[in-house]
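Asker: Please read through the structure below; I'll follow up with questions.
The values are calculated or read from the model by the stated rules, or taken from the named source; none is laboratory data. Values in this document were obtained by computation on a predicted structure and should not be read as measured data. Backbone-built Cβ (ideal geometry, glycine too); neighbour counts: all protein chains shown. With ligands, DNA and RNA removed, areas are computed over all heavy atoms of the protein, side chains included. Shrake-Rupley method; radii C 1.70, N 1.55, O 1.52, S 1.80 Å.
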Amino acid sequence: MRGTPLPLLSLTLWILTITGCTTTPTGSGTTTAQAPVKLRIGYGKGGNFNIMRLRGTLEKRLAGQNVKVEWINFPMGPQAMEAIGTRSLEIGSTAATPPLFAQAAGIDFVYAANTPPGKSGSGGAIIVPIDSPLRSLRDLKGKRVAFQPGAVWQYLLIKALEREGMQYSDIIAVKMPPADATAAFHSGSIDAWVQGEPYLTLVQQKGEGRILVSTKDIPTSGGFILTPRTFAAEHPELIQVTLDELRKTGDWARQHPHEAATMTAQSGGLDVPTLEQMIRQQENTELRPVDASVIALQQEQADYLTRLKILPRKIAVQDAVLSADQYARILPPPASHQEARAIQTTSTIHQTRER
């Protein structure tokens, strides 16, 4: 019958609709419009990701490439790792400890890059209220000490106690995110708080707290950029562009500390002079593969936390490390011979694993 083509056309349009495809007439043919690739990036108020967000340089670079950039604020690394695990975040940054807990929880992610720790270390500290009678680490015995569970501050607290011959069980561990810990600190319901920037500077700036013990000299493997394993395999070029812009942002901020501080003051909760000082103290913006030395430090920390039964199961850090070829695709071009050697070291590791 001559009426048959109309139902067939309707059926075709219905199929295209439910599969997410649309057709746009172009003369005698049609073109298929694809949904943009989502690039959701986590940022902290005091970091280079936030500066990159405010400057809009990544969006300018990706203009016309059918990529939708979204920015999501995370107060700490564990929350970012949870988002990566649920595939609601494509790129996040954390300190050394959150990836270990994420891996132990079965989250399928990979280390995209490592930022080596600077000479100033973690920049963290155990802080107490300004009028607290506590004067030394040993005074924390039997006291309520707050920290974000799964964050690097938990590990640094344990190591700091160990240096004084104390155990984790000597304190009353209070696990809470920064927002809750801030309120608890102000209300006096906790005796001490383990934290880093920008909270550490903010508390001191307001005259509300003082440093009991600094944790900056306790070694860690630095910071990490992380991504879901599938995203690293499907969109390595987007990771490379993002990391390249991140490195450029860090270099720009160090060259223009006052401008960067003014830009982030409103969202960071700190005044411009304090933020400017923090930016000037930033020691490097290097991004490198997770090489043998980084893997060793991460594995040492993981094994330590497993022995203490804080990490729920034993993990192999190298299972979340990419191959040399993959790092070559997602990292910006090596800026030095040192970085090139790091890639070669990673290649050797994976060749050994394959054997």
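Asker: Here are the criteria: (1) open to solvent by 60 Å² or more (accessible area, probe 1.4 Å); (2) more than 17 Å from Val128 (Cα to Cα); (3) within 24 Å of the chain's Cα centre (by Cα). Tell me which single one Tyr155 does not satisfy.
Answerer: The single condition Tyr155 does not satisfy is (1).
Asker: Something else: With the condition kept exactly as written, say whether any residue in region 255-270 is touching a residue at least 60 places away in the same chain (Cβ under 8 Å) and charged (D, E, K, R).
Answerer: Checking region 255-270: not a single residue is touching a residue at least 60 places away in the same chain (Cβ under 8 Å) and charged (D, E, K, R).
Asker: Just the residues that are of a type in the set (S, T, N, Q) and either open to solvent by less than 20 Å² (accessible area, probe 1.4 Å) or without any contact (Cβ under 8 Å) to a residue 60 or more places away in the chain (or both), please, taken from region 205-219. Talk me through it step by step, then tell me what you get.
Answerer: To start, the set of residues in region 205-219 that are of a type in the set (S, T, N, Q) comprises 205, 214-215.
Correct list: Thr215 only.
Asker: Is one or more of the residues making up region 164-187 crowded, with 24+ Cβ neighbours inside 10 Å, aromatic (Phe, Trp, Tyr) and more than 23 Å from Glu208 (Cβ to Cβ)?
Answerer: Within region 164-187 (the criterion being crowded, with 24+ Cβ neighbours inside 10 Å, aromatic (Phe, Trp, Tyr) and more than 23 Å from Glu208 (Cβ to Cβ)), the answer is no, since none of the residues qualifies.
Asker: Checking the conditions here, which among Trp153, Trp193 is in a strand (DSSP E or B) and touching a residue at least 12 places away in the same chain (Cβ under 8 Å)?
Answerer: Trp193
Asker: For region 183-205, enumerate the residues that are modelled with pLDDT of 80 or more and under 16 Å from Gln154 (Cα atoms).
Answerer: First, pick out the residues of region 183-205 that are modelled with pLDDT of 80 or more: 183-195.
The answer is Ile190, Asp191, Ala192, Trp193, Val194, Gln195.
Asker: When region 242-275 is examined, which residues are found to be among the aliphatic types (A, V, I, L, M) and either open to solvent by 50 Å² or more (accessible area, probe 1.4 Å) or touching a Lys or Arg at 6+ places or on another chain (Cβ under 6 Å) (or both)?
Answerer: Met263
Asker: For the subset of region 75-86 comprising residues that are part of a loop (DSSP other than H, G, I, E, B) and in contact with a helix residue (DSSP H, G or I) (Cβ under 8 Å, 6 or more places away or on another chain), which member is modelled with the lowest pLDDT?
Answerer: Result: Pro75.
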